[in-house]
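Colleague: What follows is a single structure, and I will ask about it in a moment.
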Amino acid sequence: MPAITSNPVVPSPLTGDLLPAALRDDFPILSQHVHGERRLVFLDNAASSQRPRSVIDAMDRLYERDYANVHRGIHVLSERSTDLYEEARRKIQRFIGARSEREIIFTSGTTSSINLVARSWGDANLKAGDEILVTVMEHHSNLVPWFQLAERTGAVVKQVPITDDGQLVLESLDSLLTERTKLVAFTAVSNTLGTINPVAEFTRRAHAVGAVVLVDGAQSVPHVATNVAALGVDFLAFSGHKMCGPSGIGVLYGREELLEAMPPFMGGGGMINRVYADRFTAGELPAKFEAGTPPIAEAIGLGAAVDYLTTVGLDRIHRHELELVGYAMERLAKIDGIRMLGPGPEQRAGLVSFVFPHPHAHDVAQLLDSRGVAVRAGHHCTQPLHDRLGITASTRASFYLYNRPDEVDALVEALGRIARTFRPSGRKRKKTDDIA
Amino acid sequence: MPTEEEIYQEHVLDHYEDPFHRGELPTATHAHEDKNPLCGDVVRVELQIDAAGRVQDCFFSGTGCVISQAAASMLMEAVHGKPVVEVQSLAAEDMLKLFGPRLTPNRQKCCLLGWRVLQQAIYSPVGQAVPDKR
C-alpha cells in the first residue's frame with residue numbers, strides 16, 4: 001500500500017562525513033510505515049539495532065541448507081555447520097584484533113559474558129577485603145554481577161565518580177586504585193550519557209596496580225573500531241544484536257593466559273575432555289566455556305554482521321554518527337526546557353539522552369511513537385547514574401549507520417510540539433463525574 | 001493502539017497541571033507508597049479515615065508520567081468523602097473507566113498505580129504494621 005511521508009523531510013546542512021543514504025536499502029525493516037502513514041524513524045539502536053539483508057540471508061541459508069549440531073556429528077551437515085560456526089569465530093577474532101581464536105568465547109550476550117567472568121575468574125581469584133572498581137555510569141549488567149561476587153567473597157565494590165557533564169574523574173584513580181584493587185570493570189561507551197571513556201589510559205592505570213581489566217564493549221564495539229591488543233584489556237564483553245547481528249549471541253574476549261587458568265563456569269556437553277563415573281576433565285579453549293549446544297545460527301549471523309560492518313568501515317560509521325549526534329544536539333539545544341545529559345559531541349558516541357521538566361520520559365516516548373519515532377525512555381538500566389544526575393528517567397535517541405539527518409529533524413520537530421503541548425498553561429481541572 | 005490525542009485529552013492534562021489534593025496530609029491515619037518497578041513512577045496516598053468509616057480527607061504525592069499522576073488526582077477526587085467500603089469496592093476496571101482514554105496494557109499499569117496504592121493504604125494505619133517508607 002503506498003503511504004505518504006508525514007514526518008518532515010528538511011534538506012540537511014550536513015554533507016561531509018555522512019554515509020550514503022542508499023545504505024538504508026540494505027535494511028528491509030526500515031522501509032515501513034507505522035501507525036497508519038507515519039514513516040518509521042528508528043532511533044533506539046543502543047537498545048538493539050536492526051540487521052541487513054545479508055545477515056538475515058546468512059541465517060536463512062544455514063537453516064535451509066547447512067544446519068546441524070556443531071562439533072558432534074560425523075556427517076556432512078554437521079561438518080558444514082561446524083565450519084561456518086568456527087569461521088564466524090575467526091571473523092570476530094580479526095574484527096577486534098585478538099591474537100587467537102581461542103580467546104573468543106561465544107555467549108548469549110554481554111550480560112552472560114560478564115557473568116561468566118564474575119563466576120569463573122571472580123570466584124577463583126577474589127577474597128574478602130579485595131576491591132572491585134567500577135564506575136557510576138555502568139549498566140546494571142556491569143554492576144549486579146560484581147555486587148553478587150562481592151556478596152559471595154566479601155570483596156568490596158568501589159565506584160569511580162563522574163563530572164556533572166558525565167565524564168570519569170580520572171584524578172580519583174590516584175586514591176581508588178591500590179594494591180587491593182583486583183578487578184577494574186568499566187564501560188567503553190556509556191549507554192546513557194554517550195561518553196567515550198579513555199579505555200587505554202584507564203587500563204594502563206589499572207594494570208599498574210596489578211588489577212585485571214574487564215571492558216563492557218556493548219556500546220562501543222558496534223560503533224568504534226576496537227583492537228583489544230592495542231587497548232591492552234584483559235576481558236571484553238559485547239552483544240551481537242547491537243551490531244547488526246541477531247539477538248541471543250554475544251562474545252567474551254579474554255586473554256588466553258587468563259582463560260587458560262580459569263575454571264569452567266557452566267558444566268555440560270561440549271566443554272569436557274573426558275567424563276568418568278564420578279568426575280570430569282575440562283576441554284580446551286574455547287570449548288571449555290561453551291557448554292551445551294551453542295547459538296549456532298546466531299553466531300553465523302554475527303559473522304555476517306561483522307562482514308557487513310567491515311565492508312562499510314567502522315571509522316566511517318563512527319564519523320557518520322558523530323555528524324548526526326552533533327547535529328541532533330545543536331537542534332535539541334533550542335527546545336525550551338530541555339536538559340541534555342553527558343558531554344559535548346566531541347567526547348561522545350552516537351546517542352543523546354535528555355529530560356524535560358514536563359512531561360515525563362514515558363510520555364515523551366509515547367508521544368514520539370505516535371509520530372513514528374522510536375526512542376528509549378526510562379532509566380536505561382543505569383539507576384545509580386540517574387541517581388547521581390538527580391533524575392529518575394530520561395529519553396534517549398541513539399543512532400546507527402542507517403540513520404539520516406531528516407530523522408533527527410523528525411525527532412526535533414516532534415519534541416518541539418511535545419514541549420509546547422505540556423508547557424504549564426494555567427489550565428484548570430473540571431469536576432470529575434462521580435463514579436463510586 | 002490509542003493515538004496521542006486520544007490519551008492526552010484535555011481532562012487528563014487538566015488533572016496533570018492542576019491536580020486535586022496533591023501534597024501531604026499531616027492528619028493522616030492511613031498511608032501507603034509504592035512504585036512501578038518498570039518505569040520508576042512513585043505514588044504515595046495519605047488518608048484520614050474517621051470513626052464513621054469515611055475518607056474524610058485524602059492527599060497524594062509522587063513523581064512520574066502524566067498518566068500515573070493524573071490518574072492519582074482523579075482517584076483522590078473520586079474517593080474524597082466516600083465511605084471506605086465504597087472505596088474498597090472500586091475495581092481496577094472502574095479506575096480505567098474513571099481515567100477515560102483507552103490505554104495499552106503497559107500504560108494501564110501507570111494508570112492503576114495510584115489505585116493499587118490507595119487499596120493498600122486502607123489497610124496501612126500510620127505508625128503501625130506497615131512501616132512508613134519515606
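Colleague: If you go through segment A:69-77 one residue at a time, do you hit one that is in contact (Cβ under 8 Å) with a residue 24 or more places away in the chain and under 30 Å from A:Asp25 (Cα atoms)?
Modeller: no
Colleague: Considering (1) under 13 Å from the mean Cα position of the chain (by Cα); (2) at pLDDT below 95; (3) of a type outside the set (S, T, N, Q), say which one B:Leu47 fails and leave the rest.
Modeller: Failing condition for B:Leu47: (2).
Colleague: If you don't mind, there's one more thing I want to ask. Based on this model, can you work out whether A:Arg417 counts as within 12 Å of another protein chain (Cβ to nearest Cβ), in a loop (DSSP other than H, G, I, E, B) and at pLDDT below 95?
Modeller: Numbers: within 12 Å of another protein chain (Cβ to nearest Cβ): yes; in a loop (DSSP other than H, G, I, E, B): no; at pLDDT below 95: yes.
Spelling it out, it is not the case that A:Arg417 is within 12 Å of another protein chain (Cβ to nearest Cβ), in a loop (DSSP other than H, G, I, E, B) and at pLDDT below 95.
Colleague: Looking at A:Leu236, A:Leu214, can you tell me which residue is under 25 Å from A:Gly313 (Cα atoms) and in a strand (DSSP E or B)? Walk me through how you get there before you give the answer.
Modeller: On the way: A:Leu214 fails: under 25 Å from A:Gly313 (Cα atoms).
Just one listed residue meets the conditions, A:Leu236.
Colleague: For segment B:1-55, give me each residue that is free of Cβ contacts under 8 Å to residues at least 24 places away in the same chain, more than 10 Å from chain A (Cβ to nearest Cβ) and polar (S, T, N, Q).
Modeller: The answer is B:Gln48, and nothing else.
Colleague: Which residues, taken from segment B:73-109, are at the interface with chain A (Cβ under 9 Å from one of its Cβ atoms), of a type in the set (Lys, Arg) and in a helix (DSSP H, G or I)?
Modeller: B:Lys97, B:Arg107
Colleague: Step by step: first the residues of segment B:56-72, then only those that are among the polar types (S, T, N, Q) and part of a strand (DSSP E or B), then the one that is nearest to the other protein chains (Cβ to nearest Cβ). Which residue is that?
Modeller: The initial filter retains those residues of segment B:56-72 that are among the polar types (S, T, N, Q), namely B:56, B:61, B:63, B:68-69.
Now narrow it down to the ones that are part of a strand (DSSP E or B): B:56, B:61, B:63.
On the way: B:Gln56: 15, B:Ser61: 14, B:Thr63: 6 Å.
Checked segment B:56-72; the qualifying residue nearest to the other protein chains (Cβ to nearest Cβ) is B:Thr63.
Colleague: How many residues are without any contact (Cβ under 8 Å) to a residue 40 or more places away in the chain, in contact with a Gly (Cβ under 8 Å, 6 or more places away or on another chain) and not basic (Lys, Arg) if we restrict to segment A:189-224?
Modeller: 4
Colleague: Next up: Mind listing just one residue for me: the one in segment A:372-382 that is surrounded by fewer than 22 Cβ atoms within 10 Å (Cβ to Cβ) and more than 16 Å from A:Met340 (Cα to Cα) and, of those, nearest to the other protein chains (Cβ to nearest Cβ)?
Modeller: Of segment A:372-382, the ones surrounded by fewer than 22 Cβ atoms within 10 Å (Cβ to Cβ) are A:374, A:378-379, A:381.
Remaining after also requiring more than 16 Å from A:Met340 (Cα to Cα): A:374, A:381.
On the way: A:Ala374: 13, A:Cys381: 12 Å.
Looking at residues that are surrounded by fewer than 22 Cβ atoms within 10 Å (Cβ to Cβ) and more than 16 Å from A:Met340 (Cα to Cα), I get A:Cys381.
Colleague: In segment A:319-363, which residues are surrounded by 24 or more Cβ atoms within 10 Å (Cβ to Cβ) and among the hydroxyl-bearing types (Ser, Thr, Tyr)?
Modeller: Within segment A:319-363, A:Ser353 is the sole residue that qualifies.
Colleague: So A:Thr310 passes all but one of these: (1) part of a helix (DSSP H, G or I); (2) buried (at least 20 other Cβ atoms within 10 Å of the Cβ). Which condition number does it fail?
Modeller: (2)
Colleague: Looking at A:Asp60, A:Asp83, A:Asp123, which one is touching a Leu at 6+ places or on another chain (Cβ under 8 Å) and surrounded by fewer than 18 Cβ atoms within 10 Å (Cβ to Cβ)?
Modeller: A:Asp123
Colleague: Where residues in segment A:383-402 are within 14 Å of chain B (Cβ to nearest Cβ) and assigned to a helix (DSSP H, G or I), which of them is surrounded by the fewest Cβ atoms within 10 Å (Cβ to Cβ)?
Modeller: Selected residue: A:Asp387.
Colleague: Now, a different point. Quickly run through segment B:32-54 and pick out the residues that are in a strand (DSSP E or B), over 10 Å from B:Cys110 (Cα atoms) and not aliphatic (A, V, I, L, M).
Modeller: Passing the criteria: B:His32, B:Glu33, B:Asp34, B:Arg44, B:Glu46, B:Gln48, B:Arg54.
Colleague: From the list A:Leu351, A:Leu367, pick out the single residue that is closer than 21 Å to A:Ala47 by Cβ and more than 14 Å from every other protein chain (Cβ to nearest Cβ).
Modeller: So the residue among A:Leu351, A:Leu367 that is closer than 21 Å to A:Ala47 by Cβ and more than 14 Å from every other protein chain (Cβ to nearest Cβ) is A:Leu351.
Colleague: Can you tell me which residues in segment A:136-182 are in a helix (DSSP H, G or I) and either without any contact (Cβ under 8 Å) to a residue 12 or more places away in the chain or surrounded by fewer than 18 Cβ atoms within 10 Å (Cβ to Cβ) (or both)?
Modeller: Going through segment A:136-182, the residues in a helix (DSSP H, G or I) turn out to be A:140-142, A:144-153, A:170-176.
Passing the criteria: A:His140, A:Val144, A:Phe147, A:Gln148, A:Glu151, A:Arg152, A:Leu170, A:Glu171, A:Ser172, A:Asp174, A:Ser175.
Colleague: Another one. Within segment B:70-88, does at least one residue satisfy the condition of being surrounded by fewer than 19 Cβ atoms within 10 Å (Cβ to Cβ), free of Cβ contacts under 8 Å to residues at least 12 places away in the same chain and not hydrophobic (A, V, I, L, M, F, W, C)?
Modeller: yes
Colleague: Oh, and also: Report yes if B:Arg107 is more than 17 Å from A:His360 (Cα to Cα) and either in contact with a His (Cβ under 8 Å, 6 or more places away or on another chain) or of a type in the set (Lys, Arg) (or both), otherwise no.
Modeller: Details: more than 17 Å from A:His360 (Cα to Cα): no; either in contact with a His (Cβ under 8 Å, 6 or more places away or on another chain) or of a type in the set (Lys, Arg) (or both): yes.
So B:Arg107 fails the test.
Colleague: Looking at segment A:94-116, which of the residues that are over 18 Å from the mean Cα position of the chain (by Cα) and part of a helix (DSSP H, G or I) is surrounded by the fewest Cβ atoms within 10 Å (Cβ to Cβ)?
Modeller: Only one residue tops the list, namely A:Arg94.
Colleague: Is it true that some residue in segment A:53-70 is β-branched (Val, Ile, Thr), under 30 Å from A:Phe399 (Cα atoms) and part of a helix (DSSP H, G or I)? Let's see the steps before the verdict.
Modeller: From segment A:53-70, those β-branched (Val, Ile, Thr) are A:55-56, A:70; that's our starting set.
Still in the list and also under 30 Å from A:Phe399 (Cα atoms): A:55-56.
Narrowing further to those that are part of a helix (DSSP H, G or I): A:55-56.
The answer is yes, given that some residue of segment A:53-70 is β-branched (Val, Ile, Thr), under 30 Å from A:Phe399 (Cα atoms) and part of a helix (DSSP H, G or I).
Colleague: Just give me the residues in segment A:25-35 being exposed (fewer than 15 other Cβ atoms within 10 Å of the Cβ) and closer than 19 Å to A:Leu411 by Cβ, in sequence order. Working first, answer last.
Modeller: Step one: list which residues in segment A:25-35 are exposed (fewer than 15 other Cβ atoms within 10 Å of the Cβ), which gives A:25, A:28-29, A:31-32, A:35.
Listed by number, the residues that qualify are A:Ile29, A:Ser31, A:Gln32, A:His35.
Colleague: Still on this structure: Do we find that B:Leu13 is closer than 20 Å to B:Gln119 by Cβ, of a type outside the set (Val, Ile, Thr) and in a helix (DSSP H, G or I) in this structure? Step through it out loud before you land on a result.
Modeller: Values: closer than 20 Å to B:Gln119 by Cβ: no; of a type outside the set (Val, Ile, Thr): yes; in a helix (DSSP H, G or I): yes.
Spelling it out, it is not the case that B:Leu13 is closer than 20 Å to B:Gln119 by Cβ, of a type outside the set (Val, Ile, Thr) and in a helix (DSSP H, G or I).
The values are calculated or read from the model by the stated rules, or taken from the named source; none is laboratory data. No experiment lies behind these values; they were computed from the predicted model shown. Every residue, glycine as well, gets a Cβ built from its backbone with ideal geometry; the counts of neighbours run over all protein chains shown.
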